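Input: a single structure, listed below in structure tokens.
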Amino acid sequence: MDNRTRIANWIESRNIQFFITGVIIINAITLGMETSPAVMEQMGGFLHLLDKVALSIFVIEILLKLYGRGFGFFKDGWNLFDFIVVAIAIIPASGPLAVLRSFRILRVLRLMSMVPQMRSVIQALITAIPGMFSIIGLITLIFYVSAVLSTNFYAATFNEWFGDIGASMYTLFQVMTLESWSMGIVRPIMDVHPEAWMFFVPFILVTSFAVINLFIGVIVDAMQGQHQAEAKEIEETVHEDTQSLREEIAGLRGEIGELKELLKNK
């Protein structure tokens with residue numbers, strides 16, 4: 001094993017990853033504390049020092065990974081994500097780039113790459129995106145049709161909510177989220193249009209329950225597929241390791257047999 005591989009294995013070892021995770025959590029806490037003027041007045045210098053120490057640790061980690069893995073480092077999407085987050089943090093935040101200082105909190109997102117369970121969830125969500133597009137297309141179609149209908153039905157009496165298609169879509173979105181949909185929107189409309197429930201109740205049933213459950217179903221299915229893929233990968237790794245052990249045992253038996261033959265000949 002050469003020195004670069006040894007360093008790569010060390011920086012990616014369980015103990016080092018636990019340490020980096022701890023640094024990320026502490027850094028997240030300090031960045032949150034920096035938003036308080038009272039805390040900054042008392043501990044500002046110390047918090048800035050902790051922030052610089054954390055950033056230094058992250059930079060050293062990335063450099064060691066780059067040295068150990070070479071350009072293979074960028075073949076892993078999570079490594080690329082970590083590299084971008086840390087690179088943003090080391091850009092001098094002055095002048096027109098001062099806004100980048102606010103993006104330091106993005107370092108906390110590195111927890112997604114450090115915690116295997118979070119990685120699995122994110123990968124499952126990415127896998128679910130193609131299925132989500134179909135549902136998004138469906139709900140967009142429902143919203144458009146409903147917005148046109150509601151504008152025609154209620155624009156004359158409730159112009160603020162349904163004066164045009166944009167206002168109607170915004171109002172219907174509020175209804176879909178069930179935010180003050182009854183007392184705030186539907187009941188006032190029903191005082192003027194008693195039959196309005198015939199429009200809003202089916203709309204809520206379709207958008208708030210049916211379509212949202214479709215989203216959940218797609219995500220759950222993707223997560224199950226992700227777990228099955230991980231289980232299959234582990235099974236294949238175990239099978240390869242077992243096969244390798246069998247070959248080594250067979251080789252050892254052959255060598256032992258040869259030694260026995262040599263001893264007999266002597």
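Only the coordinates and a few stated rules stand behind these numbers; no lab work does. For clarity, every value in this text was computed on a predicted model and none was experimentally measured. FYI the Cβ positions are ideal-geometry reconstructions off the backbone, even for glycines, and counts take in every protein chain you see.
Here is how the numbers come out for the structure above:
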quantity	calculated
Any hit, the range 5-23, residues being more than 17 Å from Leu111 (Cβ to Cβ), surrounded by 14 or more Cβ atoms within 10 Å (Cβ to Cβ) and of a type in the set (Ser, Thr, Tyr)	no
Which listed residue, of Gly166, Gly137, Gly184, is small (Gly, Ala, Ser), within 26 Å of Ile219 (Cβ to Cβ) and under 36 Å from the mean Cα position of the chain (by Cα)	Gly137
Sole residue being farther than 30 Å from Asp82 by Cα and either touching a Pro at 6+ places or on another chain (Cβ under 6 Å) or touching a residue at least 60 places away in the same chain (Cβ under 8 Å) (or both), chosen from Leu149, Leu138, Leu125	Leu138
Residues of the range 28-62 satisfying the condition of being charged (D, E, K, R) and surrounded by 15 or more Cβ atoms within 10 Å (Cβ to Cβ)	Glu34, Asp51, Glu61
